[in-house]
1. For the range B:265-288, which positions are part of a loop (DSSP other than H, G, I, E, B) and either buried (at least 18 other Cβ atoms within 10 Å of the Cβ) or in contact (Cβ under 8 Å) with a residue 40 or more places away in the chain (or both)?
2. From the list A:84, A:58, A:148, which one is buried (at least 16 other Cβ atoms within 10 Å of the Cβ), of a type in the set (A, V, I, L, M, F, W, C) and in a loop (DSSP other than H, G, I, E, B)?
3. Looking at (1) in contact with a Phe, Trp or Tyr (Cβ under 9 Å, 6 or more places away or on another chain); (2) within 30 Å of residue B:268 (Cα to Cα), which is the one condition that is false for residue B:170?
4. Starting from residues that are more than 11 Å from chain B (Cβ to nearest Cβ) and among the acidic types (Asp, Glu), keep the ones in the range A:4-60 and report whichever is farthest from residue B:304 (Cα to Cα).
5. Working only within the range B:214-258, note down all residues that are among the β-branched types (Val, Ile, Thr), surrounded by 23 or more Cβ atoms within 10 Å (Cβ to Cβ) and within 14 Å of chain A (Cβ to nearest Cβ).
6. Which one is nearest to the other protein chains (Cβ to nearest Cβ), of the residues in the range B:204-213 that are farther than 13 Å from residue B:269 by Cα and surrounded by 15 or more Cβ atoms within 10 Å (Cβ to Cβ)?
7. So residue B:157 clears everything in (1) without any contact (Cβ under 8 Å) to a residue 12 or more places away in the chain; (2) buried (at least 19 other Cβ atoms within 10 Å of the Cβ); (3) of a type in the set (Val, Ile, Thr) except one condition, right? Which one?
8. I'm checking my understanding of the structure. Among residues of the range A:87-104 that are hydroxyl-bearing (Ser, Thr, Tyr) and either touching a Phe, Trp or Tyr at 6+ places or on another chain (Cβ under 7 Å) or surrounded by 18 or more Cβ atoms within 10 Å (Cβ to Cβ) (or both), which one is farthest from residue A:145 (Cα to Cα)?
Amino acid sequence: MSLKVHITTEGSDVTIAFEGILDETSRLPELSEPVKGELRLDLEKLTLINSMGIHKWITWMRHRTNMQGSMVLVNCRPVVINQINILRGFLPDYARVDSFFVPYSCENCGFDEKLLLKRGVEYDDQRQVQFATEKACPSCGGVLGLDIMHDRYFKFMNRKSA
Amino acid sequence: MRVKLWGVRGSLPTPLSPAHLRERIEWVIGEFERRKKSWQTFKTADFVADLPAHVSGGYGGNTACAEVTHAKSRLIIDAGSGIRAFSENVLTTSPQTSEFHIYFTHFHWDHVIGLPFFAPIYMKNKIVNCYAVHDNLEAALRTIFRKPNFPVPYEVVENQLRIHRLEPRQPAKIGGFTLTPYQLDHPDPCWGARIEAGGKSLAWAVDTECTRITHEELGEDAKLYTNSDLLVFDAQYSFDEALEKINWGHASGPIGIDLAMRESVKRVIFMHHDPAASDDTIRAAEEQTRVYYDEILRARKQAGLKTPELDWHFAHEGETIQL
């Protein structure tokens, strides 16, 4: 599935929602004017990013450095968080993550779900994260645990920009 | 087809320094003492065999040179400093060999610096065929054998050398091989090669940044990669370094992984390691590529895409790959 982009404007703020696969064939949007308010990059429907896509992404992000407002990434799926952790540059110093998902799964029945963690609610600028690492599985009543390696997944929060 | 890598370092020959060697010896002795206590039956040979490859042998410091053999045919790719060891080896193991074939991808120093130390070029009973796409192949070789670059003049080796210019993207017969040059993305013109023999194919793509990144952007040069049995690819930098070093002409492991997956390559060897990188640093870049590879496979599976499994690793000088 190729990358689709949806742009919405509200006052001086602009939201760009990405959907599909970010790879070498992706076309990233050109903005006709610098964003004066907040530029929100909604990554909830981004299903895959490869290294060539990250090359494109980083080049595109660099061109956004002349924007006048702030840049935030929201609704980051695990695929995005994993790539931020593996390959530097995906998240530049001037951007921050305002919300991201953590995946849970039940070893007993295989049920899985994701929880959205939000800046100012589950975590803060001091990189303190507070959320339940285990809960009852709504499918079988067993234990629904984090489906990530904790330290590796949250490594991105130690970055200046996170 | 068999490929032996006589030199895998990029840009500059990089010997292990005395300080690094001492540091490594200290680390190995410490590890030896630590493990000896915990093993019930301890054998020194087992300990050495169990050491990480980048510690027990290192990645190697000689610059690009590969020996490709098939049946009785032998082809050398580039004459970096690694060719000196090949020269010693071939004159010892096959002294009767009367004719050699060297394909030059380009003439940056690290790819030609070993040529004056390739002994057969001084032997009257040997012929050394030199191949390149570039019009200035002979001029480039003459520059090497000219004072103050080297004391022996070109005229001394001229009778042994045969100069062959290859056409871009046109297959040429060299011994039992079919070699087709394809252009790479490097600051000076650099021509990789697809080398075929016995139903196997080697794609040589070292010294490339992959600035033409999509299949369409590569155009005719995509044929270099598609369905090759072995891709030898440029991983001079870690992914992060490559992002900073735009137009330096080199790539990284993750880019090679994605390229190989897309072009249905079966196996990848990464080389042209950065001369500024220690063995530990190269190992870290290899590990970063490993984590990326695992993650991209997982992500592709989740996205319902094909998950082509690749056999790949970072090259060590002296290793042999059988196709």
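1. Of the residues in the range B:265-288, the ones part of a loop (DSSP other than H, G, I, E, B) are B:265-266, B:272, B:274-278.
Once the filter is applied, which keeps residues that are part of a loop (DSSP other than H, G, I, E, B) and either buried (at least 18 other Cβ atoms within 10 Å of the Cβ) or in contact (Cβ under 8 Å) with a residue 40 or more places away in the chain (or both), the range B:265-288 yields B:265, B:266, B:272, B:274, B:275, B:277, B:278.
2. Values: A:84 fails: in a loop (DSSP other than H, G, I, E, B); A:58 fails: in a loop (DSSP other than H, G, I, E, B).
None of the other options fit; the residue is A:148.
3. With respect to (1) in contact with a Phe, Trp or Tyr (Cβ under 9 Å, 6 or more places away or on another chain); (2) within 30 Å of residue B:268 (Cα to Cα), residue B:170 is out only on (1).
4. Looking at the filtered set, the residue picked out is A:33.
5. Within the range B:214-258, the first condition is being among the β-branched types (Val, Ile, Thr), and the residues that meet it are B:214, B:226, B:232, B:246, B:255, B:257.
Narrowing further to those that are surrounded by 23 or more Cβ atoms within 10 Å (Cβ to Cβ): B:232, B:255, B:257.
B:255, B:257, listed by residue number.
6. At the first step, the residues of the range B:204-213 found to be farther than 13 Å from residue B:269 by Cα are B:207-213.
Narrowing the set further to residues that are surrounded by 15 or more Cβ atoms within 10 Å (Cβ to Cβ) leaves B:207-210, B:212-213.
Values: B:207: 18, B:208: 14, B:209: 10, B:210: 8, B:212: 10, B:213: 4 Å.
Step by step, filter the range B:204-213, then rank; the result is B:213.
7. Checking residue B:157 against (1) without any contact (Cβ under 8 Å) to a residue 12 or more places away in the chain; (2) buried (at least 19 other Cβ atoms within 10 Å of the Cβ); (3) of a type in the set (Val, Ile, Thr), the one that fails is (1).
8. Of the residues in the range A:87-104, the ones hydroxyl-bearing (Ser, Thr, Tyr) are A:94, A:99, A:104.
So of that shortlist, the ones also either touching a Phe, Trp or Tyr at 6+ places or on another chain (Cβ under 7 Å) or surrounded by 18 or more Cβ atoms within 10 Å (Cβ to Cβ) (or both) come out as A:99, A:104.
Values: A:99: 20, A:104: 5 Å.
Taking the candidates together, the pick is A:99.
Every number in this text was worked out from the coordinates using simple rules, so none of it is lab data. Model, not experiment: these values are computed from the prediction. Virtual Cβ from ideal backbone geometry, glycine too; neighbours counted across all protein chains shown.
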